[in-house]
Structure formats: C-alpha cells, structure tokens
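Here the structure comes first, spelled out in structure tokens, and everything after it is commentary.
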Amino acid sequence: MKISVIGLGYLGAVHAASMAKLGHEVVGVDVDATKVDALAAGKSPFYEPGLDELLTEVSGTGRLRVSTDLADVAGARVHFVCVGTPQVADGHAADLTYVNSAIDQLVGYLIPGDLVVGKSTVPVGTAARLADKVRAGQPGAALAWNPEFLREGFAVQDTLHPDRIVYGVPAGENGEQVRELLDEVYADLLAEAIPRIVTDYPTAELVKVAANSFLATKISFINAMAELCEVAGGDVTQLADAIGHDVRIGRRFLNAGLGFGGGCLPKDIRAFRARAQELGAGDAVEFLADVDDINNRRRARMVQLAHEVLDGSVAGKKVTVLGAAFKPDSDDVRDSPALDVAARLGELGAHVTVSDPKAIENARRRQPQLAYEQDVEVALDGADAVLVLTEWKQYRELDPARVGAVVAGKNVLDGRNALDRDAWRAAGWQYRALGRS
C-alpha cells in the first residue's frame, strides 16, 4: 500500500520508517527542509535509539521517500497526520494550528476511497470536526483517529511492537470499511495478536490523554509521598517498593524524583483540563492541577537542597548538572526538569556547567547563558556540588571515589534516586535525594 505521513517529528519520522519496514511504500512530508534532508540521507534529525539503524535499513529498500512538497502525497491511499499540537502561548489549551493546516491542505489531494488517519494528540471533539472537513473537501474520503503511545527512547519498539492499537472510526458501514483498511495497514502487527480496540472518535481521542493523565498522576503521587517522607524521616524508595508489590498498584512509574517533563505529559494534562472546562466537566479532572503543581514543586525543592548542601547559598559556587534531557535516551529538552533546575541555579548566581550525552546542543539553544561540557570529567572538575538530574546509564554507574578526586566539594544531589546511596556515602560524600532523609 502507498502511505503518506505528514509531519516528520518524533512521531512522524518513526512512523514513516516503521511503515516502510512493514512493507508499505511511504512518502513523508514536512515543511522543515533540514529535517527532510537528514532523513533523505538516512539520518535521524534527533536522537532516538534504533532509528538511524531503521532508516538505513528501509533506505536500502527504496520504500521510504521524504519531501517538502505536499503534492507528493497524491496517489497514497492512507494519509497519516502526525503534526505537533503544542500548548498555546497564552493558556493551557492545545494549539491545533498545525493539525488544521495539514487537513486543509491535504483535502485537495484526496480521491474517493482515501483514508486520513489522525495520530496527533488532540482535544476530544477534534476528530468529528476534521471528519466534516475531509468529507466537505472529498465526499468519498473518510477519517479515522489512531492515537500513538510512543515513549521517547523506545519509539521504534513501541511502533513496531505496540502493546495495543486503537482505531476511532465513524459509525455504520463507512466505519467498517475504515477498519478493514487500517487492518490492512497493520496486518503484520495484528498477526502478532496485538490487542486492537475499535471505538468511536471521542473514545479514541480520550485514550491518549487519559493514559498520560494516569501516568502523570502516579508519578506525582509518589512525589507527594516523597515530600511527606522528607519531613517524617521516611525513605520514599522503600515506600515505593512496599506499595509496588500490591498488584493493584504496581512498581512502574513509582520512582520519586525530579518529576516528569518533555513534550507530552505536561502539555497533555493541561490541555485535557482546558478541554474538560470547555465541555462543562472541568471538575472531573481538576485534580490534574494538583498533579501539575506537585510536579513543579520538585524542581523548587531541588534548588532548595542545593542551597542546603552549599551552606545556605549557591551564589558564586560551581555546580555541575549531569543531565539536560527530560529523560535518558533522548535529546529532547522540552520542559526538561533538569534544564529548568540548572537555569534556576544560574539565576541565583551559581556557576553552572551542564553535561549530557546527547542533548547539549538542544539545551544550549534553550538556555544559552549556561556553560556546557560534553566530557563528564571536565564538567566535574572543581565542582562544589554535583546534581544528577537525568538518569543516563553512565551517570548511574559513576565511581564515587573517582569523581571525588576531581571535585572541590563532595556534595551530590540525586535528583532521580538513581545512585547507590551507601556507596556514595562510604566514599565520603554528603548525599541528598528527594524523598529520603
């Protein structure tokens, strides 16, 4: 089948390459020429484990082509819309500018029998409105909503081996035709007995934001418990282990620390609240405001801990921040807790050096006033305090004795509860972490 993918960011680039891997003929389109040029050369324009290898593989087959010209989607039978839905500049709602523009331009290239498939995360009610646009532009075309559930750092795996596939389809015979076409697209995945849920537009739209809201709530819950552990003298990691054995709760996403960030969870829970308020159901998800507040308080608490270990002030002190990306195995610094803390410390007069295996250039564009150093040992040299804020494997495995030989002060703040506390203390370090006395 010939497929088009409109938007070649994290979602679109991985989806396009994965569809080519599954045997489809794919054309990907994006307005960013630099991004398109990189993909045309078989290179990912961002860091995502396994994507370069996948691009190399599919480039050799000739099944993936990329372009800046939307006219190149003509002739495709299924069109995936994978553009971004950022938070609006003046509020919490989702900005649908790119989704609306993609549909408005795409309808001119549709023919009867074509299927437009939305994968972007949008407010509930968007699909029905866009379906009307598609039918108005080409009465013989249809629209489906097929939410994505990618985790940055695992995006290739999550596309080629998802834990579920969701179709939001119109009612009646038209919906059955849409389902059959999507089954053809995902035939190899369905052959692996991956669960498939066929539902209406609103439910499909709600799946992604509901899932992200649940995960954000679980993360903020354990971080709220971390706040209590700090004042009560408890240990949040042991608390998480104990309650995580309850099969109704589970241990995953109960890791207390600096909280969540990135381009999805923060803006998705805010947009969810905004849309619920528009629908008159704001009270139902008002708790997400507390989830957001708890998450942001962790950043302020980390800055406070830095003051505590540095005798009450960070001004004039050399602080090394290990991690700029919002999570390991990614170069994404959107709403990164690590970079936010680094910037706050810099504003308070600290001499901050940030190191990260993959995200330095992205971080430099966001916070150019900070110092950056790729080499970890150089970054650590002479530091009065070391903050581990993104749990990259190389930071989790640092030798406290070796690090202690190059720093000026043995003060380590474990922002992700990722280090061996006993080993660092045995090496003479003052160890502090969120949620541990």
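The values are calculated or read from the model by the stated rules, or taken from the named source; none is laboratory data. No experiment lies behind these values; they were computed from the predicted model shown. Every residue, glycine as well, gets a Cβ built from its backbone with ideal geometry; the counts of neighbours run over all protein chains shown.
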### Message
Between ASP235, ASP290, ASP268, which is in contact (Cβ under 8 Å) with a residue 60 or more places away in the chain and loosely packed, with under 14 Cβ neighbours inside 10 Å?
### Response
ASP290
### Summary
Screening ASP200, ASP183, ASP163 for residues that are over 21 Å from HIS15 (Cα atoms) and surrounded by fewer than 18 Cβ atoms within 10 Å (Cβ to Cβ) leaves only ASP200
### Summary
Taking the range 296-325 and keeping only residues that are more than 18 Å from VAL352 (Cβ to Cβ) and either buried (at least 23 other Cβ atoms within 10 Å of the Cβ) or not assigned by TED's automatic domain parsing to the domain that holds GLN374 (or both), one is left with ARG298
### Query
Restricting to strands (runs of 3 or more DSSP E) lying wholly in the range 1-99: which have 1 or more residues that are surrounded by 21 or more Cβ atoms within 10 Å (Cβ to Cβ), of a type in the set (Gly, Ala, Ser) and on the phi < 0 side of the Ramachandran plot?
2-6, 25-29
### Task
Would you mind stating whether ALA383 is modelled with pLDDT of 95 or more, crowded, with 20+ Cβ neighbours inside 10 Å and out of contact with any Phe, Trp or Tyr (no Cβ under 7 Å at 6 or more places or on another chain)?
yes
### Query
Given the residues PRO357, PRO328, PRO266, which is the only one that is under 17 Å from the mean Cα position of the chain (by Cα) and either basic (Lys, Arg) or part of a loop (DSSP other than H, G, I, E, B) (or both)?
PRO328
### Query
Has the range 204-223 got any residue that is surrounded by 21 or more Cβ atoms within 10 Å (Cβ to Cβ), over 30 Å from TYR47 (Cα atoms) and more than 16 Å from the chain's Cα centre (by Cα)?
no
#### Entry: Residues satisfying the stated conditions in the range 56-88, i.e. in contact (Cβ under 8 Å) with a residue 40 or more places away in the chain and among the aliphatic types (A, V, I, L, M)
VAL58, LEU64, VAL66, LEU70, VAL73, ALA76, VAL78, VAL81, VAL83
## Note on the structure
With the first residue restricted to the range 395-416 and required to be in the same structural domain as SER437 (by TED's automatic domain parsing) and within 22 Å of LEU434 (Cα to Cα), and the second required to be among the charged types (D, E, K, R) and part of a loop (DSSP other than H, G, I, E, B), Cβ contacts under 6 Å at 6 or more apart or on different chains are GLY404/LYS410; GLY409/ASP384; ARG416/GLU391
### Query
Would you say LEU190 is modelled with pLDDT of 95 or more and assigned by TED's automatic domain parsing to the domain that holds GLY172?
yes
### Task
Being outside any helix (DSSP H, G or I), touching a strand residue (DSSP E or B) at 6+ places or on another chain (Cβ under 9 Å) and at pLDDT 95 or above narrows it down to one of VAL166, VAL178, VAL207, so name that one.
VAL166
